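The values are calculated or read from the model by the stated rules, or taken from the named source; none is laboratory data. Bear in mind the structure is a predicted one, so any value in this text is a computation, not a measurement. When we count neighbours, we look across all protein chains shown, and the Cβ atoms used for this are built from the backbone with ideal geometry, even at glycine.
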Amino acid sequence: MVSIIITGIVGLIAIFLDVATSTSFINFGAFTAFTLVNVSVVFHYVRRRRAGDHLNVVSYVLIPVVGAVICAYLLTQLDSNALTLGLSWLALGIVVLALITRGFRKAPPEMSTTELATVEAAA
């Protein structure tokens with residue numbers, strides 16, 4: 001419920017933005033997500049290699065690194081307001097995650113749906 005209220009407030013604030021600025025904010029989120037997904041693939045590769053698995057270096061390292069670099073470059077080309085607000089929002093999210101996970105020592109809570117709970121209860 002708190003997340004819905006916060007999202008609603010942010011959405012109401014967006015009413016006062018012009019299209020170019022709001023588009024930059026959306027692009028910030030997308031480019032950040034794509035950059036972090038690419039970086040996570042490289043970390044996945046490293047973890048699997050340490051476990052003894054043999055994975056394709058091109059698929060798990062080269063292509064994700066190129067993707068991360070391109071997305072990071074595109075991030076630097078965004079409007080300064082989008083960068084400032086986006087980085088602030090990202091930092092706030094990291095702080096909230098650190099609080100929820102007790103300093104990243106505990107797994108974050110998983111979201112469940114009523115359907116999933118019903119299926120698990122039936123099993």
(request) Would you check if SER88 is modelled with pLDDT of 95 or more, among the polar types (S, T, N, Q) and surrounded by 10 or more Cβ atoms within 10 Å (Cβ to Cβ)? (result) no
(request) Please enumerate the residues belonging to segment 47-84 that are surrounded by 14 or more Cβ atoms within 10 Å (Cβ to Cβ) and of a type in the set (Gly, Ala, Ser). (result) GLY67, ALA68, ALA72, ALA82
(request) Please indicate, with yes or no, whether at least one residue in segment 20-30 is assigned to a helix (DSSP H, G or I), polar (S, T, N, Q) and in contact with an Asp or Glu (Cβ under 6 Å, 6 or more places away or on another chain). (result) yes
(message) For the condition touching a helix residue (DSSP H, G or I) at 6+ places or on another chain (Cβ under 9 Å), free of Cβ contacts under 8 Å to residues at least 60 places away in the same chain and part of a helix (DSSP H, G or I), what is the one hit in GLY67, GLY8?
(response) GLY67
(message) Against the definition (farther than 23 Å from SER3 by Cβ, in a helix (DSSP H, G or I) and out of contact with any Lys or Arg (no Cβ under 9 Å at 6 or more places or on another chain)), how does LEU92 come out, yes or no?
(response) no
(message) Can you tell me which condition ASP18 does not meet? The list is (1) under 28 Å from MET111 (Cβ atoms); (2) modelled with pLDDT under 90, and all the others hold.
(response) (1)
(message) As an exercise: evaluate ARG102 against (1) without any contact (Cβ under 8 Å) to a residue 24 or more places away in the chain; (2) surrounded by 10 or more Cβ atoms within 10 Å (Cβ to Cβ); (3) not β-branched (Val, Ile, Thr) and give the number of the one condition it does not meet.
(response) (2)
